[in-house]
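Presented below is the structure to which this report refers.
Read the figures in this text as sums done on the coordinates, not as results from a lab. This structure is a prediction, so every number in the text was calculated from the model and none was measured. A quick note on method: Cβ atoms are made from the backbone with ideal geometry, for glycine too, and the neighbour counts reach across all protein chains shown.
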Amino acid sequence: MHTVEKIGGTSMSRFNELMDTILIGKRQGAALYNRIFVVSAYGGITNLLLEHKKTGEPGVYARFAEAENETAWQATLDQVRTAMLSKNAELFSGDDLIKADSFILERIEDAASCMENLQQLCTLGHFQLEDHLLRVREMLASLGETHSAFNSVLALNNAGVNACFIDLSGWHQDHPLSFDEMILHHFKDIDLSSQLPIATGYAHCSEGLCVPLIAVTVK
């Protein structure tokens with residue numbers, strides 16, 4: 001038997017407390033395992049990536065979708081980069097900080113390149129930006145979850161826990177899998193009795209953007 005637990009963004013922002021309670025606490029040995037954690041982005045990051053839920057302040061996605069100023073979204077993405085690197089610096093130092101920064105900077109640069117290319121493509125007239133916005137939104141949302149999931153695994157490994165990164169975002173995936181196929185593919189080699197999976201908050205699959213918490217039933 002195993003449990004699947006979801007950690008929200010506000011809790012993720014208090015990561016040291018999570019380590020001292022839910023993630024590790026006083027657990028040792030086998031008590032650390034037979035659990036799966038599905039993590040959200042750190043508090044405030046999704047607001048920057050998409051749009052602020054309460055104030056409506058546009059994030060990277062909203063500015064990109066407006067298409068009135070072709071560079072406005074890039075300035076907002078710079079804010080995301082600064083916020084993510086700042087969070088990394090709170091949690092890590094030395095080689096671990098380099099690993100954390102390198103991971104998320106590569107993802108951000110890939111996303112920026114994709115959006116720049118799409119923007120250029122849609123100037124031709126045969127392609128409409130509106131046709132691609134849902135995928136752009138999914139891609140941007142995934143940055144927040146992969147950032148926090150990767151960092152969680154890095155911190156847990158440093159604490160002696162055999163944690164593993166489960167990236168369900170579909171990054172560089174050749175073709176979309178169904179939700180069930182995505183879950184089975186990423187968990188097929190996981191031994192829950194000796195590994196602690198940390199999964200991204202959303203899964204990119206052929207049905208669209210799904211929440212893994214709904215149906216993670218790994219056996």
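Over 31 Å apart at the Cα level, from the set Lys54/Lys99; Lys26/Lys99; Lys6/Lys99; Lys26/Lys188; Lys26/Lys54, are Lys54/Lys99; Lys26/Lys54.
The residue among Ala203, Ser193, His132 whose Cα reaches farthest toward the positive pole of the charge dipole of the chain, with charges on the beta-carbon of Lys, Arg, Asp and Glu, is Ser193.
The stretch 146-188 and the stretch 89-108 have Cα centres lying 17 Å from one another. Take every DSSP beta bridge whose two residues both sit in the chain; close to 25 percent of them are antiparallel. I'd like to know which of Phe150, Thr10, Ile24 lies farthest towards the positive end of the charge dipole of the chain, counting +1 on Cβ of Lys and Arg and -1 on Cβ of Asp and Glu. About the Cα centre, the residue reaching furthest to the positive side is Ile24.
Here the dipole of the chain is about 880 debye; that uses its Cα centre as origin and unit charges on the Cβ of Lys and Arg (positive) and Asp and Glu (negative).
Share of Cα-Cα pairs in the chain beyond 24 Å, in percent? Summing the P(r) of the chain above 24 Å gives 44 percent of all pairs. Put simply, when 111-120, 84-93 are sorted by average Cβ atoms within 10 angstrom per residue, most first, you get 84-93, 111-120.
The mean sequence separation of alpha-carbon pairs under 8 Å and at least six residues apart, normalised by the residue count of the chain, gives a relative contact order of 24 percent. Glu90 to His175: FRET efficiency via 1/(1 + (r/R0)^6), r the Cβ-Cβ distance, R0 45 Å, to the nearest 0.05? After rounding to 0.05, the efficiency reads 0.75.
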